[in-house]
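Engineer: Here's a structure for you.
The values are calculated or read from the model by the stated rules, or taken from the named source; none is laboratory data. For clarity, every value in this text was computed on a predicted model and none was experimentally measured. As a convention, Cβ positions derive from the backbone with ideal geometry for all residues, glycine included, and neighbour counts pool all protein chains shown.
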Amino acid sequence: MAFKKIALTRDSFCMGDDALAPNKRTYEWAEGDKICFFSILEDYIGCNLPGYYWRGFAGGKWIADVNLHREDLSVSKEITIAENWEELLTKSRSVYFIHTEYKNKDSLPYTLKDGYSSFEETEEIPEYNVR
């Protein structure tokens, strides 16, 4: 059975965030299975990160935004995905996230020219977790 795989990465948020920055998580699914990119993003961002606005890039192009909001003891996530996310993942197979405070979300770019890693480069980063 053939498998497909994508890798999601981000730089460490702070020392208490994780000691394995850049944080990489790889997701695999069998050929023919439908990928649920929304669920992958929910899992990757999780609920343990600080409440920030996260922007993901595939091949240097915007693929997703995640607003991780904390209030009192509750955590909520708002996820927006590019309409062409499947095309972007087919070409890139890796997503790189940057973050900012919610009030500064409009300052985030929609394309990245520097700092973006290809899937092959991402493969060289030690595994944090495989799903």
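Engineer: Got at least one residue in the stretch 30-41 being of a type in the set (D, E, K, R) and in contact with a strand residue (DSSP E or B) (Cβ under 7 Å, 6 or more places away or on another chain)?
Structural biologist: Among the residues of the stretch 30-41, at least one is of a type in the set (D, E, K, R) and in contact with a strand residue (DSSP E or B) (Cβ under 7 Å, 6 or more places away or on another chain), which makes the answer yes.
Engineer: Give the stretch 68-85 a look and list any residue that's without any contact (Cβ under 8 Å) to a residue 40 or more places away in the chain and either in contact with a helix residue (DSSP H, G or I) (Cβ under 6 Å, 6 or more places away or on another chain) or not in a loop (DSSP other than H, G, I, E, B) (or both), or say none.
Structural biologist: Taking the stretch 68-85 and keeping what is without any contact (Cβ under 8 Å) to a residue 40 or more places away in the chain, we get 68-78, 80, 82-84.
Scanning the stretch 68-85 gives 68, 69, 70, 71, 74, 75, 76, 77, 78, 80.
Engineer: Another question about this same structure. Restricting the first residue to the stretch 31-48 and requiring it to be surrounded by 14 or more Cβ atoms within 10 Å (Cβ to Cβ), which pairs with a second residue that is polar (S, T, N, Q) meet a Cβ separation below 9 Å and a spacing of at least six or different chains?
Structural biologist: Close Cβ pairs (under 9 Å, with a partner that is polar (S, T, N, Q)) amount to 44/23.
Engineer: A follow-up question, please. Within the stretch 41-51, count every residue that is polar (S, T, N, Q) and within 10 Å of the chain's Cα centre (by Cα). Break it down stepwise before answering.
Structural biologist: Quick first cut of the stretch 41-51, residues polar (S, T, N, Q) only: 48.
Still in the list and also within 10 Å of the chain's Cα centre (by Cα): none.
Qualifying residue count, the stretch 41-51: 0.
Engineer: Sticking with this structure for a sec: Working only within the stretch 44-58, note down all residues that are touching a strand residue (DSSP E or B) at 6+ places or on another chain (Cβ under 8 Å) and not in a strand (DSSP E or B).
Structural biologist: The answer is 44, 45, 47, 49, 50, 51, 52.
Engineer: What residue, among those in the stretch 52-63 that are under 20 Å from residue 121 (Cβ atoms) and among the hydrophobic types (A, V, I, L, M, F, W, C), is farthest from the chain's Cα centre (by Cα)?
Structural biologist: 62
Engineer: Which of the residues spanning the stretch 86-131 are over 19 Å from residue 42 (Cα atoms), β-branched (Val, Ile, Thr), modelled with pLDDT under 80 and not in a helix (DSSP H, G or I)?
Structural biologist: Hit for the stretch 86-131 is 125, nothing else.
Yes or no, residue by residue, for (1) surrounded by fewer than 12 Cβ atoms within 10 Å (Cβ to Cβ); (2) in contact with a Leu (Cβ under 7 Å, 6 or more places away or on another chain); (3) of a type outside the set (A, V, I, L, M, F, W, C):
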position	(1), (2), (3)
73	yes, no, no
76	yes, no, yes
82	no, yes, no
87	no, no, yes
95	no, yes, no
100	no, yes, yes
104	yes, no, yes
108	no, no, no
112	no, no, no
